[in-house]
Amino acid sequence: MARIDAPAKVAGTMAFTADVRRPGLCYAAVVRSPYPHARIRLIDAASARRLDGVVAVVTGRDLPDRTYGRAVRDIPALAKEEVRYVGERVVAVVAETRAAAERAASRVRIEYDPQPAVLDPESALADDAPRVHAQAWAYPGAVVGPDDPPNLQSRVHLTFGGSVEEGLQKAAAIVDAVYTTPAGQHGYLEPQACLAEIDREGRMHLWIPNKSPYRLREQLAAYFDVDPALIEIHPVAIGGDFGGKGSPMDAPLCLELARLVGRPVLLQLRYNEDLTATESRHAGRIRVRVGADVQGRLTALAVDALFNGGAYAGYKPAKTAELLGVREAGGAYRIPALELTARIAYTHTLPGGHMRSPGSPQVVFAVESALDELAAALGIDPVELRRRNLLTTGEVDAHGIQAVEHRGHKTLEAALAALRPRPVPAGWRYGRGIAIYNRATFPGSTSLRLTREADGRVTVVIPLPETGTGSHTVVQRTVAQALGIPEASVTVVQGSTRELPYDDGVGGSRVTAAIGVAVAQALEAWAAQGHTGTVEVVVRPEGVPRVTSYCVEVAQVAVDPETGQVAVLELLAAVDVAQIVNPLAHQIQLEGGLAMGYGFSVMEDLAVREGQVTAATLGDFKIPSAQDVPPLQVVLVPGGQGLGFGNTKGVGELTNVPTAAAIANAVAQAVGVRIRDLPISAERVYQHLVRVPSAGPKEVAL
Amino acid sequence: MKREIHYELNGNPVTQEVTPETLLLDAVRQWTTAPKEACGVGVCGACTVLVNDQPVSSCLYLAALVDGQTVWTADGLVQRFPRLAQSFVEHEGLQCGICTPGQFTAACALLLENPHPDEATIRHYMAGNLCRCTGYAAIVRSIHGAV
């Protein structure tokens, strides 16, 4: 049976936030900072206020002194005295139409006193750097103190096993190299939007494409200092997430505006605002030191990552304000000494947030590239090097955790068995590269309610939004299978936040597994009452066995030695899976991940220059089109052990992660140049080729 | 400076007041939610509609230009191209759904021009309709499945 949301999505009748209309609705537009760092000297809104249709012009001074965030609460709804990045909200205009709001916004005159800015994380952490926040440690949820380096957002330092320095000393070969990844954007096609309304009883209502509505409710309750029960988040379809639809974004501002004007307010960002001013992928600079003995057995791995956190820390949900992907470095391998260091710095650039497996694409690019460099130094085949170090079932990983099984070897061999060489254009050089990623599935907390209706049908009320993965269909199918009834007899309803106790939100590839765990519990409770009436269950994350998914990617490339152009001939992903609820949706998740990994590897760069995003439209920030995406091959390796009723494990953040290293390793094999900086553009490859006398073209004056 | 225009939307006569700068996207969205505003600069295809059966980016097209013309959007096209619509459902040529009406509309235009496109033709024709979710293989399979 097909996805339950498919017909309405094809016809365009599914309601997204920008499709919702409320009585008395008015529209907002935002005036944003043109400076990375400046003091606001004067705001003159008189001529804007006089325009037809303008309801209100609101500045930071009109709002109470409060800040919001997912963990660290450091974000103001509107800048008050100081702006901290190009694109920061300074003034909001509310009007009868969007056009009137935008016209009035263009009439607001703001005078600034530009201040010295810090634009990269290295200089931000220097002792004499200008401070992005005068007292960053004073914000609620801050994880730094007054004695920390200026502009530190967060720091993680973890060591496991023996001494890394000793491990590197006794290695037969080591690699010590720095890899960089640029800032990026999620590239969802639905720009951020929010409709806020306050009813006569003072309850706050939101229609917003937010993938973790119960957490959003808590974040807003903290901001407004109210009971979360006063806030209701209504279900709407989410037009792409990839991590970017997880923060409060403009909800605090829209609620403030709705309160001030006494009417519902819709703010729908223009796409250039979304690219330049909303949460982005953290640019990373990652130093890897890794060593192995003469047989190729790893002796130590040290990863030292520095990320650009931008102007606000509040877009990261971890209480530690870190990017948890750093902890996955080397996670597929037996490593006797492991050291992980990550620092995130405040800078006067757009804020960093979560993007599909946050931190992992950056760190896995670095570590899996370094492993190939190590293999070359040892004279060992890169595949063989990995074979000698992959964890096997029963082994404890470097963090001391025992997973129920390790299927890396099986997944690797499946990838190699499926690989068929692709034809190469005449005169181009062929290369293929491999990279491996291993990710754990954490189902987290959720809740759901099952009801047997009078006519025998079953209604399932769930807290989870549909971000596009097909999760509502997964609920329908899982419940139907569990009860042995037709899928058509199961109705799935996403409740508003008033309906159910809690859910962690969509993220961390958790949804299918969480649904499986919740359905298993619900069935148990329901059986006890004879499969009649209503049962509501709350799932907590305790006591869940550690299951992981391996993903082995092989990239085949052809490189033009004259120009440096890289053609990816095929991306193959072998994926370690348990049971699959919806094979087609599962396949498309994996294909979509590969396409996103491809974009990250060879195309995408937000091009932040002097603090300003210069790739400010989708014509400049190029994401892959149907013609760009290379042939994709997905190889499933069934038989793994999963979680919950459906025996499933996560799939959403696998194939996008190892792609960049697989392509970089393939390019290195093809033309002998090692690209340590993403994206792997023709220009970059060319610049390396001209430095290798025998490999490539002569440099030509341009 | 408002002016009344008359056009046919999904086979039905429509009369609407527009100004010279009113975009077709905003005009049509008074009646239907099918075309979506995304990039706003004509590169992503989420706002694709058919004007006289030609695909246009309605975010770059003036509403005044459709006076006396015919306009089709995805919610109407599912009736005209039921086989293609069903193929998008069966092959799950969609995930989040925000680009889907535009993908479907562009695919209708492709089949009007070329009822039997091969994969390379499909990918070339559909390059103006971005999708961040699926990686496109499912969309190509959906179109192929209706050929």
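Taking the stretch A:543-584 as the range and being within 14 Å of chain B (Cβ to nearest Cβ), open to solvent by 10 Å² or more (accessible area, probe 1.4 Å) and either more than 24 Å from the chain's Cα centre (by Cα) or not polar (S, T, N, Q) (or both) as the test, the residues that pass are A:VAL568, A:ILE580, A:VAL581, A:PRO583, A:LEU584. Considering only residues in the stretch A:488-530 that are in contact with a Lys or Arg (Cβ under 6 Å, 6 or more places away or on another chain) and not hydrophobic (A, V, I, L, M, F, W, C), the one that is most open to solvent (accessible area, probe 1.4 Å) turns out to be A:SER489.
A quick yes/no check of all residues on (1) among the acidic types (Asp, Glu); (2) within 26 Å of A:THR469 (Cβ to Cβ); (3) outside the structural domain of B:VAL28 (by TED's automatic domain parsing):
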{"position": "B:CYS59", "(1), (2), (3)": "no, no, no"}
{"position": "B:GLN69", "(1), (2), (3)": "no, no, no"}
{"position": "B:PRO82", "(1), (2), (3)": "no, no, yes"}
{"position": "B:SER87", "(1), (2), (3)": "no, yes, yes"}
{"position": "B:CYS99", "(1), (2), (3)": "no, yes, yes"}
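For the stretch B:128-136, does any single residue satisfy the condition of being among the polar types (S, T, N, Q) and either within 9 Å of another protein chain (Cβ to nearest Cβ) or assigned to a loop (DSSP other than H, G, I, E, B) (or both)? Yes.
Here A:VAL671 fits the description: over 30 Å from A:HIS37 (Cβ atoms), touching a Pro at 6+ places or on another chain (Cβ under 7 Å) and at pLDDT 95 or above. Criterion first (within 14 Å of chain B (Cβ to nearest Cβ) and either of a type outside the set (Lys, Arg) or at positive phi (or both)) does A:THR497 satisfy it? No, not satisfied.
The residue that is modelled with the highest pLDDT, among those in the stretch A:682-697 that are out of contact with any Ser or Thr (no Cβ under 8 Å at 6 or more places or on another chain) and in a loop (DSSP other than H, G, I, E, B), is A:VAL690. Restricting attention to the stretch A:43-61, does a residue exist that is touching a Leu at 6+ places or on another chain (Cβ under 9 Å), within 14 Å of chain B (Cβ to nearest Cβ) and acidic (Asp, Glu)? Scanning the stretch A:43-61 turns up no residue that is touching a Leu at 6+ places or on another chain (Cβ under 9 Å), within 14 Å of chain B (Cβ to nearest Cβ) and acidic (Asp, Glu). Selection of first residues in the stretch A:179-196 that are closer than 23 Å to A:PRO361 by Cα and among the aliphatic types (A, V, I, L, M) and of second residues that are open to solvent by less than 10 Å² (accessible area, probe 1.4 Å) and not in a loop (DSSP other than H, G, I, E, B), restricted to Cβ pairs under 7 Å at least 6 apart or on distinct chains, gives the following pairs, ordered by first then second residue: A:ALA183/A:SER280. Within the stretch A:617-650, being closer than 16 Å to A:LEU594 by Cβ and open to solvent by 40 Å² or more (accessible area, probe 1.4 Å) holds for A:GLN627, A:ASP628, A:PRO631, A:LEU632, A:GLN633, A:LEU636. Applying the selection to the stretch A:598-628, what residues are within 10 Å of chain B (Cβ to nearest Cβ) and not in a loop (DSSP other than H, G, I, E, B)? Answer for the stretch A:598-628, where residues must be within 10 Å of chain B (Cβ to nearest Cβ) and not in a loop (DSSP other than H, G, I, E, B): A:TYR598, A:GLY599. For the stretch B:108-127, the candidate set comprises residues that are within 15 Å of the chain's Cα centre (by Cα) and at the interface with chain A (Cβ under 10 Å from one of its Cβ atoms); within that set, the residue that is surrounded by the fewest Cβ atoms within 10 Å (Cβ to Cβ) is B:ALA127. Only residues that are within 14 Å of another protein chain (Cβ to nearest Cβ), open to solvent by less than 50 Å² (accessible area, probe 1.4 Å) and either out of contact with any strand residue (DSSP E or B) (no Cβ under 8 Å at 6 or more places or on another chain) or of a type in the set (S, T, N, Q) (or both) were counted in the stretch B:44-86, giving 12. Identification of strands (runs of 3 or more DSSP E) wholly contained in the stretch A:127-211 with 1 or more residues that are among the hydroxyl-bearing types (Ser, Thr, Tyr) and crowded, with 20+ Cβ neighbours inside 10 Å yields A:152-161, A:173-181. Taking the conditions (1) basic (Lys, Arg); (2) in a helix (DSSP H, G or I); (3) over 14 Å from A:GLY516 (Cα atoms) in turn, A:ARG439 satisfies each one other than (2).
All conditions in (1) part of a loop (DSSP other than H, G, I, E, B); (2) within 12 Å of chain B (Cβ to nearest Cβ); (3) over 24 Å from A:VAL506 (Cα atoms) hold for A:THR655, with the sole exception of (3). Is it the case that the stretch A:421-433 has a residue that's over 30 Å from A:TYR333 (Cβ atoms), more than 14 Å from chain B (Cβ to nearest Cβ) and modelled with pLDDT under 95? No, there is no match, as no residue in the stretch A:421-433 is over 30 Å from A:TYR333 (Cβ atoms), more than 14 Å from chain B (Cβ to nearest Cβ) and modelled with pLDDT under 95.
Conditions tested, residue by residue: (1) in contact with a helix residue (DSSP H, G or I) (Cβ under 7 Å, 6 or more places away or on another chain); (2) in a strand (DSSP E or B); (3) modelled with pLDDT of 95 or more.
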site	(1), (2), (3)
A:ASN272	no, no, yes
A:VAL288	yes, yes, yes
A:VAL303	yes, yes, yes
A:GLY309	no, yes, yes
A:TYR312	no, no, yes
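The values are calculated or read from the model by the stated rules, or taken from the named source; none is laboratory data. Since this is a predicted model, take the numbers as computed values, not measurements. Cβ: placed from backbone, ideal geometry, glycine included. Neighbour counts: every protein chain shown. Note: areas computed on protein heavy atoms with side chains; ligands, DNA, RNA excluded. Shrake-Rupley method; radii C 1.70, N 1.55, O 1.52, S 1.80 Å.
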